[in-house]
Amino acid sequence: MSLINLIPFRRDAPSNVQEFGYDLKSFDVERVGQVEYAQWQHPKETQKSITAPMVDAVRQFVQPGDLVIDIGAHTGDTTLPMALATGPTGMTLALEPNPYVYKILAKNASLNPELTRIDALNFAATQEDGKFTFHYTDGMYCNGGFKTQQKWPLFRRRHPLLVEGKNLNYVLKTRYPEWLKKLTYVKVDAEGYDLKILRTLLPTLSERRPVIRCEVFRKLVASERYELFDFFTGLGYDVVRYLGIEEGPGDKMNRAEMTATKHFDIVAVPKAMKLRRAAPAELQASHIAPRSEIGFAHDAIPDARTNAVRTLDPVRLFFCFLVLSVASDLSAQSNVTLSRDDSTKEYQLLRNGEPYFIRGVGGQVELDLLKQLGGNSIRTWGADNLQQVLEDAHQRGLTVCVGMWLGHPRHGFDYSDEKAVVAQLESCLKIVERYKTHPAVLLWGIGNEMEESGDNPAVWYAVDHIAREIKRIDPNHPTVTVIAELGDHKVESLHRFCPHVDIVGINSYGSIATVAERYHKQGGTKPYIITEHGPRGPWESPKTAWGAPIEPTSAEKAEHYAQGYRHAVADNARQCLGSYTFLWGNKQETTATWFGMLLPDGTRLAAADAISHAWTGRPVANRCPEIVELNVDGVGKLAPGQKFFAAAEVEDPEQDELEYRWVFRSDAVVVANGNDAQSAESDVTGAIQGSGSQVEVEMPDGGGGYRLFVYVRDGRGGAAVANVPLYVDAPIKAIAAAKPKLPLVLYENGATSEPYTPSGFMGNSTAIEFDPECTDNPHAGEKCLRVKYTAADQWGGVVWQSPANDWDGERPGGFDLSDATALEFWARGETGAERVTFLVGLNTTDGLYHDSGKTELSSVQLTTDWKRYRIPLDAIDASRIKNGFGFSLAGQGRAVTFYLDDVRYVGE
């Protein structure tokens with residue numbers, strides 16, 4: 001038995017932890033201005049300050065616009081000088097796994113948006129993904145870390161804290177690939193684990209060669225100190241003594257000097273770099289002007305597969321080394337009630353006894369930006385990665401309308417199938433049981449548009465059954481079910497068949513201005529929430545002669561957002577409890593830009609500004625530019641090779657310098673339904689000549705639909721976008737499939753919707769039970785995919801498709817997987833006697849867009865232990881794989897259950 005298991009005071013998790021707030025301090029930093037800092041009130045936390053020399057010490061190595069990383073950020077006292085050095089045009093990543101400390105770090109990350117751009121990441125940097133135990137000297141979790149070396153007295157760290165670690169190198173390459181090119185400075189402070197962390201970053205350090213500051217921990221023995229020195233010199237670095245946060249680097253060190261002092265910091269500098277002692281005037285000249293108050297936030301949600309190794313202050317390493325804080329503060333469960341004034345018939349949502357009007361969005365990204373713009377809530381459509389979503393929201397003071405996805409009849413779900421309906425009920429109740437005590441939960445969202453026409457009472461009965469059971473196990477959070485528009489009698493049916501549903505959620509787009517009036521006329525007496533609203537949808541917009549919907553400009557959409565909010569929400573506050581605007585993020589739905597309020601890099605579009613104005617009553621500090629007109633010389637059907645000029649007329653309220661980007665894309669003229677996955681349209685290269693506000697375009701040879709997009713950015717976090725549909729009057733040629741980055745993940749930890757959708761149910765499909773959120777012994781993460789074939793005979797199967805349900809190869813999609821060497825996945829059986837066939841590709845003949853090849857692993861006998869399987873691709877043409885993965889199995893005389901996890905395409 002190990003020593004750690006013999007220690008009597010060891011516990012697995014903290015309980016009744018006293019938490020501490022912060023005091024807001026302000027520092028007048030020379031050449032920077034007023035800087036705010038949240039000083040943690042923990043009794044063991046030392047008082048912090050932010051000074052000009054601290055910033056100058058970093059500026060010796062960092063330019064405005066660079067990426068810098070603080071591993072072991074604690075409350076942000078080292079992060080903030082780094083962020084001030086790289087400025088608002090740069091990016092600072094700050095890692096802190098301790099959930100109690102992280103709250104203060106997150107606050108500091110949000111305090112100075114005009115001067116800094118900080119992504120606070122709540123996990124530890126580790127070699128492998130996993131959960132670890134840190135130990136702390138106090139039960140209030142100020143100082144501690146990861147303890148594995150028995151020669152370090154464990155008995156001094158009596159208070160354990162469970163944390164999660166992630167591989168930071170993977171995070172950087174998958175979440176920050178563009179920023180990674182600008183990496184210049186890394187700080188690691190991990191109480192002796194600095195070298196272990198740095199080794200996990202070796203590929204990035206070798207490629208980008210940033211300056212590295214780290215700690216020579218007092219408990220490192222001579223061999224460990226020499227190993228650290230040799231690591232740097234082996235990479236071609238000079239090792240320099242670090243004199244302090246205000247003094248910066250001192251003289252170059254030799255190997256023997258690593259043991260001359262018990263505890264100190266070093267700076268590793270690439271040999272080609274010359275240290276410069278920058279004078280204040282020089283530093284001042286390099287400083288950039290403050291940016292807008294809005295638009296600084298980037299996606300701060302760590303990728304589920306990141307293995308983070310973070311650097312912290314001596315005690316913070318322990319945090320960094322292991323955490324994506326699984327243990328968040330759940331001490332204060334929220335109590336949400338619905339009140340009604342009988343005299344005025346006014347409804348009000350109360351959260352912990354206080355009025356709560358929903359200023360929400362549909363989406364889970366850029367939560368710091370959402371908070372800054374005045375939002376207070378987010379809505380999900382399902383429970384994928386829900387724990388992390390709730391944590392991220394709670395840390396920013398946001399609430400969550402937790403969506404529970406219900407089956408759609410047009411997708412094959414049969415509401416007359418009692419077994420399927422009961423399984424769906426049980427799945428929803430598991431979500432409620434697991435998360436009902438989380439303080440970020442606001443409402444339980446039962447389904448989204450599953451009623452379709454509203455004519456099937458069985459759908460309404462199923463919804464009400466779920467609502468009734470939720471009330472039984474969680475009376476503290478109201479229920480809402482979401483319908484697509486009002487239809488002719490949906491309101492009547494919902495009120496008649498669903499007495500246990502508290503609130504009606506309404507998704508409305510083109511007709512949003514009249515929702516309140518129509519709801520009242522149809523007898524709606526329950527309170528309602530506008531659960532989706534945005535621009536006029538492609539299904540209700542004018543179309544070209546060839547059927548392509550004409551998309552409004554981003555400015556025109558913003559006006560529709562504002563008007564819809566005013567008429568349906570603000571002017572009907574007696575019955576409307578608020579709204580969730582669609583979509584906080586971006587997605588391909590008819591086009592790449594129709595519904596997103598943000599661009600993929602987090603840049604705001606005018607819709608975000610309009611909703612912020614509606615929420616707060618004031619415009620944002622720096623507004624998005626406006627495309628007044630997109631002029632094209634020659635529209636309609638054009639000949640192959642025909643050339644024309646296109647020009648964008650743009651206005652910017654603050655007269656900011658504008659950057660133009662033109663993109664020419666194929667257009668399959670698919671008027672998408674939001675509940676169906678749609679593949680991104682392909683860019684057509686070589687069609688655009690020129691730059692700036694006017695370009696020349698040459699139409700391609702292949703016939704069919706295309707779109708010309710223009711993106712205009714103001715450099716201050718705002719953008720505008722517009723497009724025009726075009727058509728080549730010639731025989732249609734297949735549009736090449738997009739080539740994805742590898743690895744391409746099809747399933748992991750509960751997520752199944754992108755990039756391929758498991759929509760292709762085959763054979764005896766009613767006998768297939770498909771649970772992507774199974775928690776029974778997953779291979780990795782918290783969830784795996786459980787498949788059960790309940791019939792003893794016949795056969796069944798499921799195929800992951802792109803786009804969904806395109807059996808006949810009629811629509812563009814799929815991926816060019818020529819660079820992939822194999823599809824890999826993990827599988828296990830319930831008993832070890834299961835035989836399953838796994839496949840890549842399915843339809844190689846039908847339609848213009850069929851699979852370019854197919855292959856399979858036939859009749860694989862599974863084991864009860866997880867085993868990795870590999871389907872090689874070297875023998876097939878993988879230039880377009882529409883059916884990315886699938887399985888089939890024949891009846892085996894009994895029910896068959898097996899499990900899948902970590903399904904992905906990999907390269908060399």
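The values are calculated or read from the model by the stated rules, or taken from the named source; none is laboratory data. Owing to the predicted nature of the structure, the values given are computational and were not obtained by experimental measurement. No Cβ is skipped: glycine too gets one built from the backbone with ideal geometry, and neighbour counts run over all protein chains shown. For the accessible areas, the whole protein counts, side chains as well, though only heavy atoms, and no ligand, DNA or RNA atoms are used. Shrake-Rupley method; radii C 1.70, N 1.55, O 1.52, S 1.80 Å.
The residues in segment 83-135 that are open to solvent by 10 Å² or more (accessible area, probe 1.4 Å), hydroxyl-bearing (Ser, Thr, Tyr) and part of a helix (DSSP H, G or I) can be counted, and the count is 2. The residue list ASP474, ASP417 contains one member that is open to solvent by less than 10 Å² (accessible area, probe 1.4 Å) and either touching a Phe, Trp or Tyr at 6+ places or on another chain (Cβ under 6 Å) or more than 28 Å from SER508 (Cα to Cα) (or both), which is ASP474. Filtering segment 805-832 to residues that are within 15 Å of PRO758 (Cα to Cα) and either surrounded by fewer than 22 Cβ atoms within 10 Å (Cβ to Cβ) or touching a His at 6+ places or on another chain (Cβ under 7 Å) (or both) leaves ASN805, TRP807.
The requirement of being at negative phi and open to solvent by 30 Å² or more (accessible area, probe 1.4 Å) is satisfied by THR616.
With respect to (1) small (Gly, Ala, Ser); (2) open to solvent by less than 50 Å² (accessible area, probe 1.4 Å); (3) more than 23 Å from LEU638 (Cα to Cα), the lone exception for ALA680 is condition (2). Residue count for segment 239-256, restricted to those that are over 38 Å from the mean Cα position of the chain (by Cα), open to solvent by 30 Å² or more (accessible area, probe 1.4 Å) and of a type outside the set (Asp, Glu): 6. When the criteria are applied in full, GLU452 meets the requirement of being surrounded by fewer than 19 Cβ atoms within 10 Å (Cβ to Cβ), in contact with a helix residue (DSSP H, G or I) (Cβ under 7 Å, 6 or more places away or on another chain), touching a residue at least 12 places away in the same chain (Cβ under 8 Å) and within 26 Å of VAL515 (Cβ to Cβ).
Contact map, segment 175-187: residues that are basic (Lys, Arg) paired with residues that are part of a helix (DSSP H, G or I) and surrounded by 18 or more Cβ atoms within 10 Å (Cβ to Cβ), Cβ distance under 9 Å, separation 6+ or inter-chain. Pairs shown: LYS182/THR86; LYS187/VAL58; LYS187/THR79; LYS187/MET82.
Taken over segment 458-468, the criterion of being open to solvent by 30 Å² or more (accessible area, probe 1.4 Å) and over 15 Å from GLU418 (Cβ atoms) is satisfied by ARG468 alone. For the structure I just gave you, tell me whether GLN892 is within 14 Å of PHE761 (Cα to Cα), of a type outside the set (A, V, I, L, M) and open to solvent by less than 60 Å² (accessible area, probe 1.4 Å). Considered against the rule, which asks whether it is within 14 Å of PHE761 (Cα to Cα), of a type outside the set (A, V, I, L, M) and open to solvent by less than 60 Å² (accessible area, probe 1.4 Å), GLN892 comes out as no. The conditions of being without any contact (Cβ under 8 Å) to a residue 24 or more places away in the chain, open to solvent by 20 Å² or more (accessible area, probe 1.4 Å) and over 27 Å from GLY702 (Cβ atoms) are not met by PRO600. Pairing residues of segment 491-519 that are more than 21 Å from SER339 (Cα to Cα) with residues that are surrounded by fewer than 16 Cβ atoms within 10 Å (Cβ to Cβ) and among the aromatic types (Phe, Trp, Tyr), at Cβ distances under 8 Å and at least 6 apart in sequence or on separate chains, gives PHE497/TYR461.
Which of the residues spanning segment 519-546 are exposed (fewer than 15 other Cβ atoms within 10 Å of the Cβ) and outside any helix (DSSP H, G or I)? GLY523, THR525, PRO542, LYS543, ALA545, listed by residue number. For segment 368-382, a residue qualifies if it is within 30 Å of CYS784 (Cβ to Cβ) and open to solvent by less than 10 Å² (accessible area, probe 1.4 Å), and the qualifying residues are ILE378, ARG379, THR380.
All of ALA304, ALA332 fail the test of being open to solvent by 10 Å² or more (accessible area, probe 1.4 Å), closer than 27 Å to SER427 by Cβ and either at pLDDT below 90 or not in a loop (DSSP other than H, G, I, E, B) (or both), apart from ALA304. Scanning segment 32-54 for residues that are in contact (Cβ under 8 Å) with a residue 40 or more places away in the chain and either assigned to a helix (DSSP H, G or I) or among the polar types (S, T, N, Q) (or both) returns THR51, ALA52, PRO53, MET54. No other residue among THR821, THR844 is modelled with pLDDT under 95 and touching a Gly at 6+ places or on another chain (Cβ under 7 Å) apart from THR844.
Going by what's in this entry, would SER802 be described as under 30 Å from LYS733 (Cβ atoms), among the polar types (S, T, N, Q) and open to solvent by less than 20 Å² (accessible area, probe 1.4 Å)? Taking the combined requirement at face value, the residue satisfies it. Considering (1) open to solvent by 60 Å² or more (accessible area, probe 1.4 Å); (2) free of Cβ contacts under 8 Å to residues at least 40 places away in the same chain, the lone condition that LYS788 does not fulfil carries the number (2).
Quick grid of which residues meet (1) part of a helix (DSSP H, G or I); (2) modelled with pLDDT of 90 or more:
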{"position": "ARG410", "(1), (2)": "yes, no"}
{"position": "ASP414", "(1), (2)": "no, no"}
{"position": "LYS419", "(1), (2)": "yes, no"}
{"position": "LEU425", "(1), (2)": "yes, yes"}
{"position": "VAL432", "(1), (2)": "yes, yes"}
{"position": "LEU443", "(1), (2)": "no, yes"}
{"position": "MET450", "(1), (2)": "no, yes"}
{"position": "SER453", "(1), (2)": "no, yes"}
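Restricting the first member to segment 378-393 and to residues that are free of Cβ contacts under 8 Å to residues at least 40 places away in the same chain, and the second to residues that are surrounded by fewer than 22 Cβ atoms within 10 Å (Cβ to Cβ) and of a type outside the set (S, T, N, Q), the beta-carbon pairs closer than 8 Å and six or more apart or on different chains are GLY382/TRP405.
If the condition is being small (Gly, Ala, Ser), open to solvent by 30 Å² or more (accessible area, probe 1.4 Å) and assigned to a strand (DSSP E or B), then segment 759-773 contributes only GLY763.
Taking the criterion of being assigned to a strand (DSSP E or B) and of a type in the set (D, E, K, R), the residues of segment 341-374 that qualify are ASP341, GLU346, ARG351, GLU354, ARG359.
Within segment 62-82, can you find the residues that are touching a Phe, Trp or Tyr at 6+ places or on another chain (Cβ under 9 Å) and either in a helix (DSSP H, G or I) or open to solvent by 10 Å² or more (accessible area, probe 1.4 Å) (or both)? Once the filter is applied, which keeps residues that are touching a Phe, Trp or Tyr at 6+ places or on another chain (Cβ under 9 Å) and either in a helix (DSSP H, G or I) or open to solvent by 10 Å² or more (accessible area, probe 1.4 Å) (or both), segment 62-82 yields ASP66, ASP77, LEU80, MET82. Hey, does segment 169-184 have a residue that's open to solvent by 10 Å² or more (accessible area, probe 1.4 Å), part of a helix (DSSP H, G or I) and at pLDDT 90 or above? Yes: one or more hits. Total residues in segment 489-518 satisfying the condition of being assigned to a loop (DSSP other than H, G, I, E, B), within 20 Å of GLU532 (Cβ to Cβ) and open to solvent by 10 Å² or more (accessible area, probe 1.4 Å): the figure is 4.
In segment 201-238, the qualifying residues are those that are surrounded by 22 or more Cβ atoms within 10 Å (Cβ to Cβ) and among the β-branched types (Val, Ile, Thr), and the one that is farthest from ALA260 (Cα to Cα) is VAL211.
Entry remark, segment 703-742: residues being surrounded by fewer than 20 Cβ atoms within 10 Å (Cβ to Cβ) and more than 30 Å from SER852 (Cα to Cα) number 2 in total.
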